[in-house]
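The values are calculated or read from the model by the stated rules, or taken from the named source; none is laboratory data. Since the model is a prediction, treat every value here as computed from it, not as a measurement. Please note: Cβ atoms are built from the backbone with ideal geometry, for glycine as well, and neighbour counts cover all protein chains shown. Heavy atoms of the whole protein, side chains included, go into the accessibility calculation; ligands, DNA and RNA do not. Shrake-Rupley method; radii C 1.70, N 1.55, O 1.52, S 1.80 Å.
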Amino acid sequence: MSEVEYGLIGLAVVLGMFLTGIELAFAMIVVGVVGFGTLISWDAALSLLVKDIFNVFNSYSFTVIPLFVLMGQVSFNAGIAKRLFDFAHKFVGHIPGGLAMATVVGATTFKAICGSSPATAATFASVAVPEMDRYGYGRKLSTGIVASVGTLGVLLPPSVTLIIYGIITDSSIARLFLAGIFPGLIIAFLFVCVIFGWCKIDPKIGPVSPKSTWVERFKTLPDVLVVGVIFVLIIGGILYGFFTPSEAGSVGTFLVLLLAIFKKDINFQGYIKSASESIRTAGMVLSLIAGSTVLGHFIAITKIPLITADWLVSLNQPAWVIVAMISIIYLVGGSFIDDIAFMILATPIFYPAILKLGYDPIWFGMLVAITVMVGVIIPPMAVVVFIVSKITKTPLSVVYSGVYPFLISLFVGWVLVFLFPGIATFLPNLLMK
Amino acid sequence: MTGFLWFTEKTSKLMDIIAYTALTSIMLLTVTDVVLRRFFNAPIVGTYEIVGMLGAIVLGFGLPLSSWLRSLIYVDFIVKKFPQKGQDIINITTRIVVIIVFLTIGYHMIQYGTELMVSREVSMTRRIPFYPIAYGLAISSFVQCLVHVVDIIKIFGGEYE
């Protein structure tokens with residue numbers, strides 16, 4: 001049997017093991033060690049296993065993940081999202097579908113300090129949905145938009161997904177953060193357009209709420225300004241080399257924590273809860289990275305990534321066909337396991353092809369991120385939809401039917417970034433020569 | 001048996017406390033270093049390597065509780081379609097595989113730690129030895145095994161979610 005055949009069998013076994021309920025990271029470790037041991041030597045495989053785990057865990061670069069997750073968790077537990085929603089509510093609540101639009105504005109602003117999709121969806125499910133209920137909004141719209149805005153965290157900085165992509169592909173995290181801003185804002189705007197159109201067709205689904213005075217509106221501004229300052233400090237700090245991404249995560253968390261303590265929004269227990277939750281998320285992500293590192297050594301010796309790259313180039317198809325094919329694979333794969341897990345598994349395989357085809361890795365990262373955004377809200381593994389359904393006690397079918405119109409926004413966003421790569425690359429090229 | 005479950009849960013929780021203390025230390029150390037470096041031109045020497053090591057504690061020591069709480073990613077919608085007995089057999093099999101994985105990692109991590117100790121491998125700036133990190137990760141691996149043994153006990157007791 002050739003090395004490639006071993007590799008393909010290994011990948012099939014990994015996917016098969018995923019369906020047995022074993023933790024995905026552990027399945028990757030098992031197949032990686034057995035594959036490497038079979039092809040090279042068992043001593044080398046076991047030695048590589050411990051060194052891979054030691055190096056992933058004992059790595060300065062990877063500490064960026066728990067730190068940015070901690071910043072999001074502190075923001076989440078401190079109730080900062082509620083203030084941001086109040087701000088948007090005061091400004092746009094009086095127009096048809098205004099509270100749903102306020103959810104988009106509030107969540108987009110919240111994303112500046114929280115890179116987690118589930119945390120954003122959970123926050124706005126408990127903050128925005130009861131408010132929309134109060135004004136008679138249809139549950140389809142209220143839960144659908146809350147689940148959909150949760151996905152913005154995949155694209156808008158400081159996105160944990162983009163950090164992971166940056167680590168896997170050795171791309172600049174600062175460039176990825178900058179590249180995510182315009183596509184993220186465009187998709188947020190498209191969400192607003194869908195709300196507007198939906199409320200035009202069915203005015204009962206998003207009735208108007210009372211108009212706020214300008215005094216009430218201005219009272220909500222300071223909280224948004226503080227979040228804005230923290231965001232600019234973090235992104236600007238990384239961009240101008242003032243600090244590393246890990247330092248930015250630490251400084252951002254520290255500032256958010258200071259703000260929360262100053263406003264008496266968080267106590268010691270709240271902080272402990274945030275820290276412990278961060279470790280759960282970071283452990284989940286980094287165990288996957290450790291697993292994919294072990295599996296990656298086996299896949300590398302089978303030469304599958306190189307052969308995949310050669311094959312895709314030899315297809316002689318237009319760029320959009322190849323990128324669309326890869327995106328569909330991400331979408332289907334991510335739908336059946338987990339989108340982040342599939343991204344960690346598949347990116348090392350397809351990334352050489354992207355380089356060989358001469359595509360910009362940052363641009364490709366944005367397309368992958370939008371694909372992941374779709375994956376987290378479509379069945380069967382729609383984590384964000386599960387959370388919204390559970391918190392709002394709404395049947396899954398209602399949340400799904402509310403999400404579908406917003407998929408149009410994500411699809412249009414993907415097409416725009418694909419057709420006009422400048423949407424993603426303009427900002428990093430302008431600010432990072 | 002209750003004592004074993006209690007011991008495993010408490011050990012995992014204790015390790016988690018160490019993990020989030022390490023995470024908080026990373027944040028405070030890094031912020032202090034940034035302030036001292038940028039405003040007083042007096043960086044804390046070796047911050048980079050201390051943060052890396054603390055990161056190993058954060059992730060290694062946090063993992064047993066993550067497994068206890070089943071917060072790592074897994075896919076069980078196919079397994080759940082099986083009758084209860086079939087689910088139990090699959091779950092016991094996967095738990096045994098995971099226990100073998102972590103026994104292997106723990107055993108080889110001890111060997112690796114001993115190699116690092118004998119060869120006096122230390123960090124570049126602060127000259128902090130690496131072997132305690134390897135030993136720490138080995139301990140974490142063995143506690144992981146206990147967590148998965150508890151899973152098997154729960155399966156037999158019909159309490160496994």
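At-a-glance table
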read-out: Residues of the stretch B:1-51 satisfying the condition of being in contact (Cβ under 8 Å) with a residue 40 or more places away in the chain and either more than 19 Å from B:S141 (Cβ to Cβ) or charged (D, E, K, R) (or both); value: B:M1, B:L5, B:E9, B:K13, B:D16, B:Y20, B:V45, B:G46, B:Y48, B:E49, B:I50
read-out: Any chance A:I181 is within 30 Å of A:S389 (Cα to Cα) and part of a helix (DSSP H, G or I); value: yes
read-out: Selection count, the stretch B:116-140, where residues are more than 10 Å from chain A (Cβ to nearest Cβ), part of a helix (DSSP H, G or I) and either open to solvent by less than 50 Å² (accessible area, probe 1.4 Å) or not hydroxyl-bearing (S, T, Y) (or both); value: 4
read-out: Meets criteria (over 23 Å from A:K219 (Cα atoms), at pLDDT 85 or above and assigned to a helix (DSSP H, G or I)) for A:P118; value: no
read-out: The stretch B:66-80 - residue that is in a helix (DSSP H, G or I) and open to solvent by 10 Å² or more (accessible area, probe 1.4 Å) and, of those, farthest from the other protein chains (Cβ to nearest Cβ); value: B:W68
read-out: Residues of the stretch B:81-115 satisfying the condition of being more than 10 Å from every other protein chain (Cβ to nearest Cβ), charged (D, E, K, R) and open to solvent by less than 50 Å² (accessible area, probe 1.4 Å); value: B:D88
read-out: Scan of the stretch A:206-258 for residues that are within 26 Å of the chain's Cα centre (by Cα), more than 14 Å from chain B (Cβ to nearest Cβ) and not β-branched (V, I, T), ordered by number; value: A:D223, A:L225, A:G228, A:F231, A:L239
read-out: All positions within the stretch B:30-65 that are within 8 Å of chain A (Cβ to nearest Cβ) and within 15 Å of A:F254 (Cβ to Cβ); value: B:T30, B:V31, B:D33, B:V34, B:R38, B:V51
read-out: Residue within the stretch A:42-52 that is closer than 30 Å to A:I266 by Cα and aromatic (F, W, Y) present; value: no
read-out: Filter pass, A:F54 being without any contact (Cβ under 8 Å) to a residue 60 or more places away in the chain, part of a helix (DSSP H, G or I) and within 7 Å of chain B (Cβ to nearest Cβ); value: yes
read-out: Odd one out for A:M432, checked against (1) open to solvent by 10 Å² or more (accessible area, probe 1.4 Å); (2) modelled with pLDDT of 90 or more; value: (2)
read-out: Any hit, the stretch A:57-65, residues being more than 21 Å from A:G150 (Cα to Cα), more than 10 Å from every other protein chain (Cβ to nearest Cβ) and in a helix (DSSP H, G or I); value: no
read-out: Criterion: over 25 Å from A:L257 (Cα atoms), within 10 Å of chain B (Cβ to nearest Cβ) and surrounded by 21 or more Cβ atoms within 10 Å (Cβ to Cβ) - qualifying residue of A:F18, A:F36; value: A:F18
read-out: Filter result for B:V143 (surrounded by fewer than 19 Cβ atoms within 10 Å (Cβ to Cβ), β-branched (V, I, T) and more than 29 Å from B:I44 (Cα to Cα)); value: no
read-out: Residues of the stretch B:20-29 classified as within 8 Å of chain A (Cβ to nearest Cβ) and open to solvent by 50 Å² or more (accessible area, probe 1.4 Å), total; value: 1
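Residue-wise test of (1) more than 21 Å from B:T21 (Cα to Cα); (2) in contact (Cβ under 8 Å) with a residue 40 or more places away in the chain; (3) not in a helix (DSSP H, G or I).
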site	(1), (2), (3)
A:V224	yes, yes, no
A:I230	yes, yes, no
A:I238	yes, yes, no
A:F242	yes, no, yes
A:S250	no, yes, no
A:I266	no, yes, yes
A:G270	no, yes, no
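Residues are listed down the side, and each one gets a yes or a no for (1) open to solvent by less than 10 Å² (accessible area, probe 1.4 Å); (2) closer than 30 Å to A:T347 by Cβ; (3) in a helix (DSSP H, G or I):
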site	(1), (2), (3)
A:P130	no, no, yes
A:K140	no, no, yes
A:A147	yes, yes, yes
A:P158	yes, yes, no
A:I164	yes, yes, yes
A:I167	no, yes, yes
A:S171	no, yes, no
